[in-house]
Every structure is written in C-alpha cells, then in structure tokens.
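The values are calculated or read from the model by the stated rules, or taken from the named source; none is laboratory data. This is a predicted model, so every value here is computed, not measured. Backbone-built Cβ (ideal geometry, glycine too); neighbour counts: all protein chains shown.
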Amino acid sequence: MLQLATILSMVKPWKNSVTLRVFLCIDAINDNALRTQQHLDELLSQLRINAQTRMIAWENVTSLLNNSSTMNDSAATISVEQQSATTTTTTAAASTNSFVDINDVYIRGVNELIRQQCDSTSCLYLYLPRPPRDKNLSQRYIRVLDILSNDLPPVMFVHGVSSVTCTQL
C-alpha cells in the first residue's frame, strides 16, 4: 500500500505538492506507542519513503466494536484472516475462516475518524479485507466498504496477497 502511495508521489505533477501521511492508530499515547512510531519512522526511512507519521487516538472508536449498546441487526461476519489448518472447530463456517462481527456503528466511527484526518487529502489508501468465502455475505461486505468510504475523498482499497518488504536492493 505504501508503495502505491510512494509511486504516486514520484509522478511529476504530484512530486512537489504531495505529502504522504501514515496514521498510526493507538489506544493511548505512552512509551510503547512512541517506540512503535519510532520503529515505523525507521522503516519508512529504510524503504526510502518520504512520509509523515501521525499518531491518532482511537479508543473512542474501538470501544464501539464490542459495546452491546451499539450492536445492530445488520452486523454480519466478515472474513479477516485465514484460520490455522490445525485448528479444529465445531461449525462448518468457522472451519475455513476466522470471523469478527462488525457493526455499522463501529464502521461509521472508523469513517468519522478518517474524515477528521483527511481534510486536504487527494487520495486515500485503505486496506481491502479479503472478501468472505460465503457468497451470502457478499452484500454485507460491499455495504461495510460503502459505509467505510462514505463522504471520504477518493478511496483506493488495496489488498495484497502477502506482506513483502525489501530493505536491500
């Protein structure tokens, strides 16, 4: 994802006017968060990516994730990662995927957090979660992406097959 943003910043019309910002969402500013930001800054430097890092407190958003008062009937399970092949489960759906319940209130909270940070943003890069294996959840998956990107600048959802970082050429 950072590579795409970096390539954009190298294109002549954008080269002198673009600022890449990488947001580090944290629950609280503490020594661990500062070390994480420093590590991210070092990684960006190693990768020769000219970007600003900003820490964003988001405990008010994460609190919406499991808050029973914000749960709604439209919440559905969306695949976020493959489950280990060695794990045994009792349900057929859980045997191939690990799922989380994502409620609309949480997604709107994430959207609002992004909107607060992107007032002068030209293009926004967001991670694209793996689509659900269960085709019955496809409409819900699209709805979550729609809620997430609502009223934002142009969004490019990016999904990588694997995480590749090379610091030596």
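Select from the stretch 111-169 the residues that are among the hydroxyl-bearing types (Ser, Thr, Tyr), at pLDDT below 90, assigned to a helix (DSSP H, G or I) and closer than 26 Å to residue 59 by Cα and list them in ascending order. Let's see the steps before the verdict.
Here is the first cut: in the stretch 111-169, the ones among the hydroxyl-bearing types (Ser, Thr, Tyr) are 120-122, 125, 127, 138, 141, 149, 162-163, 165, 167.
Adding the requirement that they be at pLDDT below 90 leaves 120-122, 125, 127, 138, 141, 162-163, 165, 167.
If we keep only those that are assigned to a helix (DSSP H, G or I) too, we end up with 138, 141.
Within the stretch 111-169, 141 is the sole residue that qualifies.
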Report summary line: Within the stretch 16-64, the count of residues that are free of Cβ contacts under 8 Å to residues at least 40 places away in the same chain, of a type in the set (A, V, I, L, M, F, W, C), closer than 20 Å to residue 3 by Cβ and not in a helix (DSSP H, G or I) comes to 3
